[in-house]
Every structure is written in structure tokens, then in C-alpha cells.
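Notes follow the structure.
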Amino acid sequence: KIKGVTVCIFTDDLDDVEDICDEAYFFKQGQIFISGNPKQLIKENMGKEVVEFTINKKEYAYFSQRIKDNYDFQYSDGVLKVYLNIGQDSMTLLSLILCDQVVIRRPNLQDVITKKFSIKLVDNKEQK
């Protein structure tokens, strides 16, 4: 990086944006709908972890009732994503949702976009 030099990169690879950009702008229908430092956007809009459960619709109906008052979550394409905030821990959540396929990971830019704006992305592209 060279101080005072601006380089514009147009990409749909949000991992690259998170890794190399100091400032990012996300457009929807030709308008900027979110902008800022990628790491700061994640910090400001997400909690500490994302826990993903691979479950079917029937299981989702049951488990969503168990967590709806205490957790932020989304369900799409057989995956329940639960966004853990500060003060919430994954072990407590795991005791509420019994599932064989669980992933615990740090939040990323795709999570910011899907959570904040309820936009479903498939392979980092908006699904219509």
C-alpha cells in the first residue's frame, strides 16, 4: 500500500475485499447502500461468532421457537445461521439445537450484507 494512492477494485469476492481493502462500497440498484472499512463494518454490524446448523424445514420450525427470543438468526437453503452477540456463547446455543452438522466461525462481510439488508447471496452473488 502506498499512502495517498487510490486504487479501485470491482469484485464480487468479498473475501478479497475484506483482506485487501481499506474502504469498501457496496451498491444495490446503482446506489451505495453500505460503505466503510471492511473490518470495521464487520465489527459494527456483527457479533463475535456465527454458528451454522444444517437442518431441514421441520427442524427449523422447532428450533427457531427455542431461540427466537434470545438470538439473531436467518434460515436459508437448509442452513440456520445464528449470529452470537457479546455475552452469548456457542455452548449454550449448542445445548438448544441438536444437530450433526455444525460450523462455528468468525463473521465476514457476506454476513454483514445478508444480516443487515436481508439479501441472500449465492457464491457471493445476489440471488433474485
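Overview of results
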{"quantity": "Where Val79, Val103, Val7 fall by accessible area, highest first, once all protein chains stay in place (1.4 Å)", "calculated": "Val7, Val103, Val79"}
{"quantity": "Extension reserve of the Thr92-Cys21 stretch, reckoned as 0.36 nm per residue once the Cα distance is removed", "calculated": "22.0 nm"}
{"quantity": "Segment 102-118 versus segment 29-62: alpha-carbon centroid distance in Å", "calculated": "3"}
{"quantity": "Theoretical gain in end-to-end length, Ile32 to Cys8 [0.36 nm per residue, Cα-Cα removed]", "calculated": "7.1 nm"}
{"quantity": "Helix runs (DSSP H) in the chain reaching 30 Å along axis by Cα, Kyte-Doolittle at least 0.0", "calculated": "none"}
{"quantity": "Burial order of peptide ranges 47-55, 11-19 (average beta-carbon count within 10 Å, highest first)", "calculated": "47-55, 11-19"}
{"quantity": "Residue-normalised accessible area of segment 2-51, expressed per residue, 1.4 Å probe, Å²", "calculated": "72"}
{"quantity": "Pairwise FRET efficiency - Arg66 versus Gln101, Cβ, R0 = 25 Å, nearest 0.05", "calculated": "0.90"}
{"quantity": "Gyration tensor verdict on segment 28-85 (Cα atoms; rounded if a/c is under 1.5, prolate if a/b is larger than b/c, oblate otherwise)", "calculated": "prolate"}
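The values are calculated or read from the model by the stated rules, or taken from the named source; none is laboratory data. Just so it is clear, the model here is predicted, and its values are computed rather than measured. In this analysis, Cβ positions are derived from the backbone assuming ideal geometry, glycine residues included, and neighbour counts consider all displayed protein chains. With ligands, DNA and RNA removed, areas are computed over all heavy atoms of the protein, side chains included. Shrake-Rupley method; radii C 1.70, N 1.55, O 1.52, S 1.80 Å.
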